[in-house]
Amino acid sequence: MNGRPDARARRLESLAREHGTPLWVTDGDLVRARLAELRTAFRGLLHEVHYAVKANSGLALLALLAAEGVGFDVVSAGELERCRRVGVDPRRIGFAGAGKTDAELAAALAAGIGLFDVESPAELDRLARLAAERGAVAPYALRLNPDVEAGTHEYVTTGTRRNKFGMPFDAALAALERHRSTAALRFRGFHVHIGSQVTDPARFAAAAAIVAQRIVATRAAGFAVELLDFGGGFAARYDVAPPPIAAVAAAVRPLLEPLHVELLLEPGRFLVAEAGELVTRVIGVKEGQERHFVIVDAAMNDLLRPALYGAWHPVELLAGEEAGRPTVSCDIVGPVCESGDFLAKERLLPRPAPGDLLVIGSAGAYGTSMSSNYNSRPRAAEVLIDRGVARLVRRRETIDDLLATELLPPA
Ligand SMILES: Cc1ncc(COP(=O)(O)O)c(C=O)c1O
């Protein structure tokens, strides 16, 4: 892989020259391919895909997915507005999230979204009040906490009793009873999401088995359950390939099919992770006392995942003249003033030199959407390559952009 002088490498080099680095490059065709794979795997079972906007909330990507007939899962008024800006039908938007404010719930009610994924009995009470005040009827699902281990990083495990998400079934049933005749609410079903980058299909099956049993019990208590939002969490490829999505579908199909519910899936990472690359230029190299540091112009403010989760991303040297270079073990680090500012550690690469380009792969999910301005670094530009055409879809921030919101008290 490293340094191969193919068409892709030439294109990335030319984009880096044209737009500067660090530069995000997103492959729209790969996003479409993943979507097709998901739909094929769940054929006959799937009602709708609600892309989890948090994974990569770029407007151009949202527009691409909307054109493919996808709905959206949002977790803030900001994500809701992103969907509105690209003309998404509000009925195809679900609103999840553990801490929705009254203002956010009101904005979602005003927009007429299709589903509120309610995280607690208290949130349901607030939703009922806010909907009644507006003469609206809020369609909702109750998010269950199934207490299932997802077998993933602790920070992205969301379905255990340790986590802040969802509610136990008893609490959900009590809330349902309390609002049995609340005219401003329309119960549609349940929501469950056990975590992200879940690589073992059996974990999804464990969640499906619990939710199936809860749906049967809820129907027995006299409530119609027409919908199950089964969340996301389907794994993408970083260091090793996870089992195919068809294996996840096969694991849950026998449990979900007999329920005859509208099944929603909320993938984020699965659709976009592998479609995104971060192209970065080597600023300098430095022999540390123990490590060979390659200092690049991208940093933890661009791609936080290595610092936040110890995440592993593939790294490729995009150099035409690597012949004869010795292979060295490199730590790829950024300019930010933190020892946690690394993109990769102990990678064997043909010795990178100042000016070389490196490509950080599988960076399309939780990359741009987690970028920050830490160390007062402007956020990077982004190019979307779609149906062969490369377009700038996010201009590089300027220092003036960074300072635009700040106010100096009078001297
Ligand atoms: C409620 C909900 N749905 C979907 C997702 C998407 O997860 P992933 O990107 O792993 O598919 C998340 C991620 O945290 C989430 O919290």
### Of all residues making up segment 363-389, the number that are free of Cβ contacts under 8 Å to residues at least 60 places away in the same chain and either surrounded by 19 or more Cβ atoms within 10 Å (Cβ to Cβ) or more than 20 Å from Leu30 (Cα to Cα) (or both)
2
### Query
Quick one: is Val252 among the hydrophobic types (A, V, I, L, M, F, W, C), in a helix (DSSP H, G or I) and within 14 Å of the ligand (Cβ to nearest atom)?
no
## Note on the structure
Residues of segment 271-295 being within 16 Å of the ligand (Cβ to nearest atom), β-branched (Val, Ile, Thr) and more than 20 Å from Val75 (Cβ to Cβ), in sequence order, are none
### Query
Is it the case that segment 212-224 has a residue that's more than 30 Å from Ala7 (Cβ to Cβ) and within 16 Å of the ligand (Cβ to nearest atom)?
no
### Task
May I ask you to list the residues in segment 181-205 that are away from the ligand (no atom under 11 Å from the Cβ), closer than 24 Å to Leu127 by Cα and touching a residue at least 24 places away in the same chain (Cβ under 8 Å)?
Thr182, Ala183, Ala184, Leu185, Arg186, Phe187, Arg188, Gly189, Phe190
### Query
Applying the selection to segment 143-153, what residues are hydrophobic (A, V, I, L, M, F, W, C) and either within 13 Å of the ligand (Cβ to nearest atom) or touching a Pro at 6+ places or on another chain (Cβ under 8 Å) (or both)?
Leu144, Ala150
### Task
Mind counting the residues in segment 260-270 that are in contact with a Lys or Arg (Cβ under 9 Å, 6 or more places away or on another chain) and away from the ligand (no atom under 14 Å from the Cβ)?
1
### Summary
When segment 159-177 is checked residue by residue, the ones that are within 16 Å of the ligand (Cβ to nearest atom) and open to solvent by 20 Å² or more (accessible area, probe 1.4 Å) are Arg162, Asn163, Lys164, Phe165
### Query
Given Gly114, Gly69, Gly78, Gly97, which one is more than 16 Å from the ligand (Cβ to nearest atom) and either without any contact (Cβ under 8 Å) to a residue 24 or more places away in the chain or more than 24 Å from Ala33 (Cβ to Cβ) (or both)?
Gly69
### Query
So which of Val198, Val240, Val216 ends up being surrounded by fewer than 22 Cβ atoms within 10 Å (Cβ to Cβ), out of contact with any Phe, Trp or Tyr (no Cβ under 6 Å at 6 or more places or on another chain) and at pLDDT below 95?
Val240
### Enumeration of residues in segment 20-41 that are open to solvent by less than 50 Å² (accessible area, probe 1.4 Å) and either under 22 Å from Asp297 (Cβ atoms) or outside any helix (DSSP H, G or I) (or both)
Gly20, Thr21, Pro22, Leu23, Trp24, Val25, Thr26
### Task
Report those strands (runs of 3 or more DSSP E) wholly inside segment 53-134 carrying at least 2 residues which are farther than 20 Å from Gly189 by Cβ and open to solvent by 10 Å² or more (accessible area, probe 1.4 Å).
none
## Note on the structure
In the set Leu271, Leu278, Leu263, Leu255, the lone residue that is within 30 Å of Val211 (Cα to Cα) and buried (at least 24 other Cβ atoms within 10 Å of the Cβ) is Leu271
## Note on the structure
When segment 257-276 is checked residue by residue, the ones that are part of a helix (DSSP H, G or I) and not charged (D, E, K, R) are Pro258, Leu259, Phe270, Leu271, Val272, Ala273, Ala275
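The values are calculated or read from the model by the stated rules, or taken from the named source; none is laboratory data. The structure presented is a predicted model; accordingly, all values stated were derived computationally and were not measured. Using ideal geometry, Cβ is built from the backbone for each residue, glycine included, and neighbour counts are taken over all protein chains shown. Only protein heavy atoms, including side chains, enter the accessible area calculation; ligands, DNA and RNA are left aside. Shrake-Rupley method; radii C 1.70, N 1.55, O 1.52, S 1.80 Å.
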